[in-house]
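Presented below is the structure to which this report refers.
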Amino acid sequence: MLLTITNPANDEIITELETDDHVSIIEKFNRSMSAQLGWARSAPEKRERAIRRFSDRLAERQELLARTLTEETGKPITQSRREIAATRDRIHFFLDHYKALLEPESVWSEGDMVERISYDPLGVVANISAWNYPYFVGSNVFVPALLTGNTVLYKPSEYASLTGLSIAELLYDSGFSDEVFTPILGGAFAGQELLKWPVQGVFFTGSYKTGRQIADICGRRFIPLQVELGGKDPVYVADDVDVAVAAASVADGAFYNNGQSCCSVERIYVHENIYDAFLETFLDTVRAFKIGDPMNEETYLGPLTRKSQIAVLETQVKGALDGGARLLHGGKPIVRPGNYFEPTVLINVDHTMEVMTEESFGPIIGIMKVRSDREATSLMNDTRYGLTAGVYSKDQERAELILRDVVSGSAYWNCCDRVSARLPWSGRRDSGVGVTLGKEGIRAFQRSRAWHLRRA
Ligand code: NAD
């Protein structure tokens, strides 16, 4: 079957790619399985050298890779470059820490008896990936997986397939074989076919809906699974902030990458004492965003990657307005080729409206006035998701007390929409299970084995 790759900035077809089918996926799985033991027994230094070369290649070809990413996803070119550069930081975190985590640990000994734990690779892992940050969400998985001795069947999103193929090419050029790292091309069908085979770990990044389906399959077959899903990430702006600084930071958190980040700010609660001043500066920031061709150096907002998301945003805006919300900015698609939507700001919103409860994944934000920290905490927790939450306040103690009571995998004080390789990245509730990044995000690709050893 052919997969058509379309440029979301102008609706032009970039190319068509042959997707994987039932037969090619079995072949790829079998080859990956046969190669895994040899790869696991290869010297860690060999694996490390290849990953270092991969990082160097990313730097050498950054401009070309960034252009490909922008062309197929519509991400502004400056943001594409930044993603690739920051991917190298993540890789270096893994390189700095993986080796210590390969070492077995002796945990007890008495007389002739020793107890030891070793950390084995999972085996063949499936990496089913989203399109919004393909370098980040891909490398969070395949870099630590490869370093710890797993082979990887990597299914990039159908919306970032050219980037997926570029990643594969770079890895081959860096010394990996196509059995150790194998791309699988296609959409939902390719993902479903891949999961029919006895992979030994599944690492998924994507929507709640798909994550749910994958969890059902893996749960039935006891396959270790991580799912990194969406969120409805809240920010609370307390009444002691520098309003201009907070408004600019939160606006960037809501609209960077067109709001298409799992940790984009999706709901804003503002203390009534500063509400009017906050709105004014927030709107000034939004009005100043440069919208246009994502290849243009000045562009801050390009097109949405998925055309179908326009209908989701329109429904959320309509639902909010029908429920009594007020539109302060935007609210509709932009009439031009491509998937453009106006940056949209809604007030007088509440939690009966989808715009405050379901992931928007686009350039749209609801802002609610609150009377107290307590009310903000309660509203922030009124969600089925739990990825990130942020508080803006001059008072660290005040912010940390609020954040302590909000259910989320990441907590932000005076910042938002931020991921660090040094910290575990995880979701609570319907935002997922498992951890990537941090040392735990390396351990995720290993399983422990208990050794009971008695000297004869
Ligand atoms: P998606 O669920 O549509 O697709 C994700 C991947 O799953 C794609 O590769 C797709 O082809 C594949 N897929 C689709 N249906 C499948 C099926 N039935 N079986 C197997 N594979 C299948 O999600 P998306 O649109 O690519 O990504 C956007 C979502 O990802 C948002 O909800 C966003 O919040 C989330 N996300 C989360 C994180 C995180 O770290 N928590 C990071 C990035 C994106």
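The values are calculated or read from the model by the stated rules, or taken from the named source; none is laboratory data. Computed from a predicted model, the values in this text were never measured in an experiment. Every residue, glycine among them, receives a Cβ derived from its backbone with ideal geometry; neighbour counts consider all protein chains shown. We work out accessible area using only protein heavy atoms, side chains counted, and drop any ligands, DNA or RNA first. Shrake-Rupley method; radii C 1.70, N 1.55, O 1.52, S 1.80 Å.
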Exercise for the section: Give the calculated FRET efficiency between Asp112 and Arg447 to the nearest 0.05, with a Förster radius of 22 Å applied to their Cβ-Cβ distance. Expected result: 0.20
Completion exercise
With R₀ set to 60 angstrom, the calculated FRET efficiency between the beta-carbons of Ala188 and Arg371, to the nearest 0.05, is 0.85
Fill in the blank from the handout: Asp252 and Arg429 label points (each 7 Å along its Cα→Cβ direction) are spaced in nm at 2.8
Exercise for the section: Just subtract the alpha-carbon distance of Ser308 and Ile14 from 0.36 nm times their residue separation and send over the number in nm, one decimal. Expected result: 104.0 nm
Fill in the blank from the handout: Ignoring ligands and nucleic acids, Thr305 exposes an accessible area, probe 1.4 Å, in Å² to the nearest 10, of 10
Exercise for the section: Using a 1.4 angstrom probe, figure out how much accessible area the chain has per residue, in square angstrom, rounded to the nearest whole. Expected result: 42
Practice task
Tell me the label-point distance for the pair Val245, Glu280, using the 7 Å Cα-to-Cβ offset, in nm and rounded to one decimal.
Solution key: 2.0
Completion exercise
Taking Tyr154, Tyr256 and ranking on accessible area (1.4 Å, protein atoms only), highest first, one gets Tyr256, Tyr154
Handout entry: Span from the region 55-85 Cα centroid across to the region 381-456 one, whole angstrom
Key = 28
Problem - Share of alpha-carbon pairs per 10 Å distance bin for region 265-363, given as whole % - result: 14, 45, 33, 7, 0
Handout entry: Shape metrics for the chain, restricted to C-alpha atoms - Rg then Dmax, Å
Key = 22.9, 80
Exercise for the section: Determine the sum of side-chain charges near Asp216: Lys and Arg each +1, Asp and Glu each -1, restricted to other residues whose C-beta is under 15 angstrom from that of Asp216. Expected result: +4
Completion exercise
Semi-axes in Å, largest first, for region 224-268 (Cα gyration tensor, √(5λ)) are 26, 12, 7
Fill in the blank from the handout: quick note, region 234-413, DSSP beta bridge pairs, % antiparallel (nearest 5) is 15
Practice task
Could you look at the chain and say what percent of its accessible area is carbon and sulfur, using a 1.4 Å probe and all protein chains?
Solution key: 51
Completion exercise
Whole-number value, in Å³ per residue, for the convex hull of the alpha carbons of region 88-170 is 99
Completion exercise
Relative to the chain, whose Cα atoms define the longest principal axis, helix 62-73 and its Cα axis are tilted in degrees, nearest 10, by 60
Handout entry: Per-pair calculated FRET efficiency, R0 = 60 Å: Thr78 and Ser34 via Cβ, rounded to 0.05
Key = 0.90
Practice task
In square nanometres and to one decimal, what's the mean projected area of the convex hull around the Cα atoms of region 1-97?
Solution key: 8.2
Handout entry: Exposure rank, largest accessible area first [Met33, Met295; 1.4 Å]
Key = Met33, Met295
Fill in the blank from the handout: Asserting the computed 222 nm helical MRE of the chain (DSSP H runs at least 4 long, -39500 (n - 2.57) per run, divided by residue count, to nearest 500) equals -12500 deg cm²/dmol
Exercise for the section: Would you please state which residues of region 236-268 a label at Asn414 would reach in this model, taking the label point 7 Å out along Cα→Cβ and a backbone N cut-off of under 18 Å? Expected result: 236-253
Problem - Alpha-carbon radius of gyration plus Dmax, which is the widest Cα pair, for region 289-448 in Å - result: 18.1, 56
Completion exercise
Note to self: C-alpha centroids of region 105-127 and region 306-341 sit apart, in Å, by 54
Practice task
Take every DSSP beta bridge with both residues inside the chain and express the antiparallel ones as a percent of the total, to the nearest 5.
Solution key: 40
Completion exercise
Probe 1.4 Å, all chains present, heavy atoms only: Ile334 accessible area in Å², nearest 10, is 50
Exercise for the section: Please sort 284-290, 110-116 by packing, taking for each peptide the average over its residues of neighbouring beta carbons within 10 angstrom, highest first. Expected result: 284-290, 110-116
Handout entry: Cα extents of region 154-262 along the three principal axes, largest first (Å)
Key = 55, 38, 21
Exercise for the section: Pull up all non-local amide H partners of Gln226: gap of 5 or more, or a different chain, and H-to-H distance under 5 Å with H placed in the peptide plane. Expected result: Val202, Phe203, Phe204
Fill in the blank from the handout: Checking region 213-279 for trypsin sites (Lys or Arg not before Pro) in a loop per DSSP with at most 16 other beta-carbon atoms within 10 Å yields Arg221
Handout entry: Charge dipole of the chain about the Cα centre (unit charges at C-beta), most positive-ward option of Pro104, Leu146, Met356
Key = Pro104
Completion exercise
With all protein chains present and a 1.4 Å probe, the order of Glu45, Glu228, Glu359, Glu60 from largest accessible area down is Glu60, Glu45, Glu359, Glu228
